[in-house]
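Okay, structure first, notes after.
FYI, it's all coordinate maths here, none of it is from the lab. Only a predicted model underlies this, so the values are computations on that prediction, with no experimental measurement involved. FYI the Cβ positions are ideal-geometry reconstructions off the backbone, even for glycines, and counts take in every protein chain you see.
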Amino acid sequence: MQSLITCPGRSTRLHDRFLSDHPVVSGMRIIALDIGSAELAYESGAGEVILCSNERYLLEMHKLLTLSPASSYIRECWENEFDKGRDWKARCRKLAAFNNLSRGKILRNWNDVATYYCILSMSGFNYRYEKWKMVAEYNPVTPRFARIKSWYEENRDRTFTFHKRNIYNFPTRQIDNNTLIYLHLPHAFLAYGCGYVWTQRKLEHITRELHLLAAEGFKVCVSALSKKWGRKINTYGEYFNPDVFHPISYRELKASRYSSYDLSTEETYFVANF
């Protein structure tokens with residue numbers, strides 16, 4: 001499943017199955033913290049979605065999706081500035097400029113935002129092995145122009161609010177009995193995007209805060225990739241008290257020439273108070 005916004009390592013794949021099992025989520029207000037692609041919040045159908053992040057340029061990309069000419073901005077940039085994803089040198093040059101700490105954090109215009117959108121779309125690689133050596137092949141993801149346009153038409157009546165906040169200072173005054181606090185944990189302890197760093201220290205702080213919120217009766221949902229290609233990739237489950245957060249796992253099976261190999265993907269959703 002290709003996301004509207006490419007955020008490697010920070011996207012969900014099986015959120016549609018979770019939403020199908022919990023239709024009540026669509027009737028809630030969702031506060032999505034430290035957002036990446038935000039698929040669950042978008043596909044939930046919730047009438048009000050509050051997106052929180054203090055990551056460079058990310059909120060602006062989500063704001064771009066709420067504009068009617070968004071697909072045109074992105075298509076023009078993709079075709080003219082990056083030669084439909086083939087101009088790797090242009091991508092590297094522009095990414096270096098966006099990563100430059102001396103560069104202003106506020107984007108100048110929507111074309112600037114579209115440029116960053118295309119940079120992330122060009123971040124894809126395929127991996128394979130040749131004689132036990134891993135080989136990477138550049139594989140840009142063409143933006144879903146038609147889907148971006150139809151997404152705007154389908155969601156123009158929903159309310160999207162954007163806050164330069166994160167787990168440390170998000171707007172708790174807006175939480176009520178019909179609000180879901182949602183967070184997706186990145187795949188691994190790494191640096192993502194422009195300046196977002198995921199560490200074990202941050203994981204420990206976030207899970208402590210979420211347990212406190214759950215203890216106060218707030219509805220909380222945390223998603224995380226737990227298996228990839230059949231292998232466990234993290235120990236996030238150890239940070240969630242099963243008496244507070246109920247774990248729900250979903251698996252996506254991969255076809256394999258070797259039936260004895262488990263190549264499944266598994267996502268776990270830790271839910272509290274609903």
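Note on the chain: helix-only mean residue ellipticity at 222 nm, from DSSP H runs of 4+ residues weighted -39500 (n - 2.57) and normalised by residue number, equals -8500 deg cm²/dmol.
Determine which residues of segment 188-226 fall in the zone a paramagnetic label at Ser249 would reach in this model, i.e. backbone nitrogen under 20 Å from the point 7 Å along Cα→Cβ. Within reach of a label on Ser249: 188-189, 221-226. Between Thr235, Thr199, Thr159, the Gaussian network model of the chain with springs among Cα atoms under 10 angstrom shows the greatest mean-square fluctuation at Thr235. Straightening the chain between Glu48 and Tyr168 buys 41.0 nm, computed as 0.36 nm per residue apart minus the Cα-Cα spacing.
Computed on the Cα trace of segment 162-224, the radius of gyration divided by the Kirkwood hydrodynamic radius gives Rg/Rh = 0.97. Is the C-alpha gyration tensor of segment 38-166 telling us rounded, prolate or oblate? Criteria: a/c under 1.5 is rounded; beyond that, a/b larger than b/c is prolate, otherwise oblate. It is prolate, given that a/c is not under 1.5 and a/b is the larger ratio.
Net charge around Arg17, counting only other residues with Cβ within less than 10 Å of its Cβ (Lys, Arg = +1; Asp, Glu = -1)? The answer is -2. The magnitude of the dipole of the chain, with charges of +1 and -1 set on the Cβ of Lys/Arg and Asp/Glu and taken from the Cα centre, is near 940 debye. For segment 140-155, putting each phi into the Karplus relation 6.51 cos²θ - 1.76 cosθ + 1.60 with θ = phi - 60° gives couplings of x, 9, 5, x, 8, 4, 5, 5, 4, 5, 5, 4, 4, 4, 6, 10 Hz, in residue order, rounded to whole numbers and with x for Gly and Pro. Do any of Lys164/Lys228; Lys149/Lys228; Lys94/Lys232; Lys133/Lys227 go past 30 Å between their Cα atoms, and which? Cα-Cα > 30 Å for Lys164/Lys228; Lys149/Lys228; Lys94/Lys232; rest within.
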